[in-house]
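The values are calculated or read from the model by the stated rules, or taken from the named source; none is laboratory data. Please read all numbers here as calculations on a predicted model, not as lab measurements. When we count neighbours, we look across all protein chains shown, and the Cβ atoms used for this are built from the backbone with ideal geometry, even at glycine. Only protein heavy atoms, including side chains, enter the accessible area calculation; ligands, DNA and RNA are left aside. Shrake-Rupley method; radii C 1.70, N 1.55, O 1.52, S 1.80 Å.
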Amino acid sequence: MNVLTYGTFDLLHHGHLRLLERARALGGHLTVGVSTDAFNAVKGKCCHEDFDTRVRRLAALPCVDRVITERDWAQKADDVRRYGIGLFVMGDDWAGAFDFLQPLCAVRYLPRTPDISSTQLRELLLKEQVG
Ligand code: CTP
C-alpha cells in the first residue's frame, strides 16, 4: 500500500526519522511531500535549510521511496489520487486536521517523538552563533 506524508523536515532529526520509518512500515511504499521555501513563508515557518537541502537529505533515506513538492494546502487530495495513496500519515500534533481526506484514503496520526523538534535545533544553532 502506498503511504503519503508531508512536512518541512528542517534539520532532519530522529523525531522525523521515527515518523518516516513508522509510516513506511504501515504500507511498504512511502511518498514524502516537502514544503517549498515559499509555502513555508505562507505558513509563517522559518527554516535553517533551503528546499533543495531538505529534499536531498530525505531522498537519501532508505525508508523514503519518493519525494514530491508541497506548494500549497490544497494539493493533498490531488496527490492522493495521483499517487494511488491508501494511507495518509501525520504526527499527532496534526490530529484531526486531515480527516477530510478520509473519503479518498485512510488517515492516521502517529504519536510525536517527545523532546525533539526543528525549532529546538534552530534555537541551539542560534545560541552557538551568538555565543
Ligand atoms: N514529528 C514527530 N516527532 C517530532 C517532530 C516532528 O513525529 N519530535 C513529525 C511531525 O508530527 C510531522 C513530521 O514529523 O508529521 C514533520 O514535522 P516538521 O514540522 O517538519 O518537524 P518539527 O520538528 O515539528 O518542526 P518545527 O519545530 O519547525 O515545527
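Starting from segment 108-120, take each residue that is more than 14 Å from HIS16 (Cβ to Cβ) and open to solvent by less than 80 Å² (accessible area, probe 1.4 Å) and list its partners that are within 7 Å of the ligand (Cβ to nearest atom) and assigned to a strand (DSSP E or B), counting only C-beta distances under 6 angstrom and pairs at least six apart or across chains.
Short answer, once both residue conditions are applied: TYR109/MET90.
When only residues in segment 34-50 that are outside any strand (DSSP E or B) and farther than 18 Å from GLU123 by Cβ count, which is most open to solvent (accessible area, probe 1.4 Å)?
Looking only at segment 34-50, we keep the residues that are outside any strand (DSSP E or B), and these are 36-50.
Subsequent filtering for residues that are farther than 18 Å from GLU123 by Cβ retains 36-39, 41-43, 50.
Details: THR36: 23, ASP37: 69, ALA38: 70, PHE39: 5, ALA41: 72, VAL42: 110, LYS43: 66, ASP50: 77 Å².
Step by step, filter segment 34-50, then rank; the result is VAL42.
What number of residues within segment 34-46 are in contact with a helix residue (DSSP H, G or I) (Cβ under 9 Å, 6 or more places away or on another chain), of a type outside the set (S, T, N, Q) and either modelled with pLDDT of 95 or more or away from the ligand (no atom under 13 Å from the Cβ) (or both)?
5
State which residue is farthest from LEU12 (Cα to Cα) when the search covers only segment 56-77 and only residues that are open to solvent by less than 30 Å² (accessible area, probe 1.4 Å) and in a helix (DSSP H, G or I).
Result: ALA77.
Yes or no: VAL80 farther than 25 Å from GLU123 by Cβ and either away from the ligand (no atom under 14 Å from the Cβ) or not in a strand (DSSP E or B) (or both)? Give the steps one after another, and end with the answer.
Details: farther than 25 Å from GLU123 by Cβ: yes; either away from the ligand (no atom under 14 Å from the Cβ) or not in a strand (DSSP E or B) (or both): yes.
Taking the combined requirement at face value, the residue satisfies it.
Looking at THR53, THR31, THR113, can you tell me which residue is hydroxyl-bearing (Ser, Thr, Tyr) and either at pLDDT below 95 or assigned to a helix (DSSP H, G or I) (or both)? Spell out the reasoning first.
Details: THR31 fails: either at pLDDT below 95 or assigned to a helix (DSSP H, G or I) (or both); THR113 fails: either at pLDDT below 95 or assigned to a helix (DSSP H, G or I) (or both).
Within the list THR53, THR31, THR113, the selection yields THR53.
With the condition kept exactly as written, say whether any residue in segment 94-104 is closer than 21 Å to ARG18 by Cβ, part of a helix (DSSP H, G or I) and within 14 Å of the ligand (Cβ to nearest atom).
Checking segment 94-104: at least one residue is closer than 21 Å to ARG18 by Cβ, part of a helix (DSSP H, G or I) and within 14 Å of the ligand (Cβ to nearest atom).
Restricting to segment 1-26, and then to whatever is part of a loop (DSSP other than H, G, I, E, B) and open to solvent by 20 Å² or more (accessible area, probe 1.4 Å), can you tell me which residue is farthest from the ligand (Cβ to nearest atom)? Don't jump to the end; show me each part of the working.
Filtering segment 1-26 for residues part of a loop (DSSP other than H, G, I, E, B) gives 1, 8-13, 26.
Those still in the list that are open to solvent by 20 Å² or more (accessible area, probe 1.4 Å) too: 1, 11-13, 26.
On the way: MET1: 18, LEU11: 8, LEU12: 9, HIS13: 7, LEU26: 13 Å.
Step by step, filter segment 1-26, then rank; the result is MET1.
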